[in-house]
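In what follows, a structure is listed as structure tokens, so that the remarks can point back to it.
The values are calculated or read from the model by the stated rules, or taken from the named source; none is laboratory data. As the structure is a computational prediction, the values presented were derived from the model and not from experiment. Reconstructed Cβ throughout: ideal geometry from the backbone, glycine too, with neighbour counts over all protein chains shown.
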Amino acid sequence: MSLSKPNPISAYIGIVGAIGMAISDVILLSVPCAGWESDMSSFSSLAHVSLLRMTIGPLIGLVCSFFICFGFWYVKGKLSHLNEQLAMLMFVSLTSVMFFGGAFHAGYYFAGHALLVGDKTLYDAFISQLGIMSYLSVPGLLLGTGIYIYLTGFVPNGFSKWLRFANLLLIQGVVLGAFMILPAPIGGYIKPTFVNVASLIFFVINLSAKEKPLS
């Protein structure tokens, strides 16, 4: 079995995208509170941010969601020699999550603007649509994660056995749990970034993971 050597530039672009996305969430959603005091999507934070933050944050997030996809392309390339079709399906699945993520950031602007002008009905409508989008992104995350675990943990390969546990879904859960217990104000500042911090960790781990030839 030949070892896969994808272009690491894709991983670096994904890392930059994840950092940029985290910055966008800090700009858009950070408030000085404890990590457990806001909802997981930080909708409650919109009432405490300015129009400038509502404009800059979503714009950066929308752009960076595209660059994060390069990181998934790198992971796909690293696992393609194990099963090319499944690796591509994993890439498509995880990339679909970022399309919803980009749309989600755009939706924050419209929801926040509606709240800023006092149109509660329109705000509730936008939040409802964002909630639907968050649910629609779940199948892609689950499918992509499942394929990643299968390829790294159940298909013969030269990667370390722990790599299967370094999947995106598990990392997201660990990072969210860690950020939720942080006290004010740091918890409220960085909790909104948990998805993107998890993506950053995921890309770094896969970039550094080495595969040994099978004997």
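Numerical summary
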{"read-out": "Within the stretch 161-206, considering residues that are closer than 19 Å to Val26 by Cβ and among the polar types (S, T, N, Q), the one surrounded by the most Cβ atoms within 10 Å (Cβ to Cβ)", "value": "Ser199"}
{"read-out": "Residue match in the stretch 123-131 (condition: within 17 Å of the chain's Cα centre (by Cα) and at pLDDT below 95)", "value": "yes"}
{"read-out": "Hits in the stretch 50-63 - residues which are buried (at least 20 other Cβ atoms within 10 Å of the Cβ) and touching a residue at least 60 places away in the same chain (Cβ under 8 Å)", "value": "Met54"}
{"read-out": "Given (1) modelled with pLDDT of 95 or more; (2) in contact with a Leu (Cβ under 9 Å, 6 or more places away or on another chain); (3) of a type in the set (Ser, Thr, Tyr), index of the condition Tyr108 fails", "value": "(1)"}
{"read-out": "Cβ pairs under 8 Å, 6+ apart, first in the stretch 116-140 and closer than 28 Å to Phe91 by Cα, second part of a loop (DSSP other than H, G, I, E, B) and modelled with pLDDT of 90 or more", "value": "none"}
{"read-out": "Scan of the stretch 78-95 for residues that are free of Cβ contacts under 8 Å to residues at least 24 places away in the same chain and hydroxyl-bearing (Ser, Thr, Tyr), ordered by number", "value": "none"}
{"read-out": "Per-region count, the stretch 28-48, residues aliphatic (A, V, I, L, M) and surrounded by 20 or more Cβ atoms within 10 Å (Cβ to Cβ)", "value": "4"}
{"read-out": "Scan of the stretch 1-48 for residues that are closer than 24 Å to Phe70 by Cβ and acidic (Asp, Glu), ordered by number", "value": "Asp25"}
{"read-out": "Some residue of the stretch 133-154 being outside any helix (DSSP H, G or I) and at pLDDT 95 or above", "value": "yes"}
{"read-out": "Output for the stretch 173-207, where each listed residue is of a type in the set (S, T, N, Q) and either within 13 Å of Ile19 (Cβ to Cβ) or at pLDDT below 95 (or both)", "value": "Thr193, Asn196, Ser199"}
{"read-out": "Given (1) of a type outside the set (Val, Ile, Thr); (2) closer than 30 Å to Pro213 by Cα; (3) in contact with a Pro (Cβ under 7 Å, 6 or more places away or on another chain), number of the condition Ser160 does not satisfy", "value": "(3)"}
